[in-house]
1. Starting from residues that are within 13 Å of the ligand (Cβ to nearest atom), open to solvent by less than 10 Å² (accessible area, probe 1.4 Å) and in contact with a strand residue (DSSP E or B) (Cβ under 9 Å, 6 or more places away or on another chain), keep the ones in segment 15-33 and report whichever is farthest from Pro102 (Cα to Cα).
2. Cβ contacts < 9 Å: first residue more than 15 Å from Val27 (Cβ to Cβ), restricted to segment 1-16; second residue open to solvent by 20 Å² or more (accessible area, probe 1.4 Å) and within 8 Å of the ligand (Cβ to nearest atom), any location; separation 6+ or different chain. Result?
3. Give me a count of the residues in segment 2-32 that are part of a loop (DSSP other than H, G, I, E, B) and of a type in the set (Ser, Thr, Tyr).
4. Only one of Lys41, Lys97 is within 18 Å of Arg5 (Cα to Cα) and out of contact with any helix residue (DSSP H, G or I) (no Cβ under 6 Å at 6 or more places or on another chain). Can you tell me which?
5. Quick check: is even one residue across segment 103-114 more than 10 Å from the ligand (Cβ to nearest atom) and buried (at least 19 other Cβ atoms within 10 Å of the Cβ)?
6. Is segment 80-94 home to any residue that is polar (S, T, N, Q), open to solvent by less than 30 Å² (accessible area, probe 1.4 Å) and under 21 Å from Gln3 (Cα atoms)?
7. I'm told Pro58 meets every condition in (1) assigned to a helix (DSSP H, G or I); (2) of a type outside the set (D, E, K, R); (3) within 15 Å of the ligand (Cβ to nearest atom); (4) at pLDDT 95 or above except one. Can you identify the failing condition by its number?
8. Does segment 42-55 hold any residues that are crowded, with 21+ Cβ neighbours inside 10 Å and not in a strand (DSSP E or B), and which are they?
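The values are calculated or read from the model by the stated rules, or taken from the named source; none is laboratory data. Predicted, not measured: the structure shown is a model, and the values here were computed from it. Reconstructed Cβ throughout: ideal geometry from the backbone, glycine too, with neighbour counts over all protein chains shown. Just the protein is used for accessible areas: all its heavy atoms, side chains included, with ligands, DNA and RNA removed. Shrake-Rupley method; radii C 1.70, N 1.55, O 1.52, S 1.80 Å.
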Amino acid sequence: MGQYRRHVFICTTGDCCPFQGETEAYVAHLRKRLAERGLAKEIRVNRSGCFSQCGHGPMVVVYPEDVWYGGVRMEDLDEILLEHLVNGRPVERLRYKAPRGPNKDPLRYEKIGRKPTGGPEKKG
Ligand code: FES
């Protein structure tokens, strides 16, 4: 068993997610809501770097269930908090499904005017 009942990671410093949503504000919002419920010591929210799923974000990952959410909007956070973090029921409509390993999407990078700057699958 880990140190926390649930541990949430939000991609705040990758190449893409912070440009697809205000992910720093996501961290602040979830921390505030958890504190209001007296859950801040049980459910931890951390900033994260890139998960190598760029273009599918903003990405949010919840452990210990190992549930990955993609395309998360600010308005989705309260549902993730109530359904998953508090009640243990992952929000299926937001669940990210992709082959295991890195899944960066260069076309989506273009859409938001960004270029990949590195990551585990960078060649050369
Ligand atoms: S920038 Fe968020 S997964 Fe890469």
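1. Ranking the candidates gives Tyr26 first.
2. Close Cβ pairs (under 9 Å, with a partner that is open to solvent by 20 Å² or more (accessible area, probe 1.4 Å) and within 8 Å of the ligand (Cβ to nearest atom)) amount to Asp15/Cys50; Asp15/Lys104; Asp15/Gly119; Cys16/Cys50; Cys16/His56; Cys16/Lys104.
3. Looking only at segment 2-32, we keep the residues that are part of a loop (DSSP other than H, G, I, E, B), and these are 2-5, 12-16, 21-22.
From what's left, of a type in the set (Ser, Thr, Tyr): 4, 12-13.
Total meeting the criteria: 3.
4. Working: Lys97 fails: within 18 Å of Arg5 (Cα to Cα).
Checking each option against the conditions leaves just Lys41.
5. Looking for residues that are more than 10 Å from the ligand (Cβ to nearest atom) and buried (at least 19 other Cβ atoms within 10 Å of the Cβ), one finds none in segment 103-114, hence no.
6. Pass one, segment 80-94, residues polar (S, T, N, Q): 87.
This time we only want the ones that are open to solvent by less than 30 Å² (accessible area, probe 1.4 Å), so: none.
Taking every residue of segment 80-94 in turn, none turns out to be polar (S, T, N, Q), open to solvent by less than 30 Å² (accessible area, probe 1.4 Å) and under 21 Å from Gln3 (Cα atoms).
7. Result: Pro58 fails condition (1) only.
8. Within segment 42-55, Cys50, Phe51, Gln53, Cys54, Gly55 meet the criteria.
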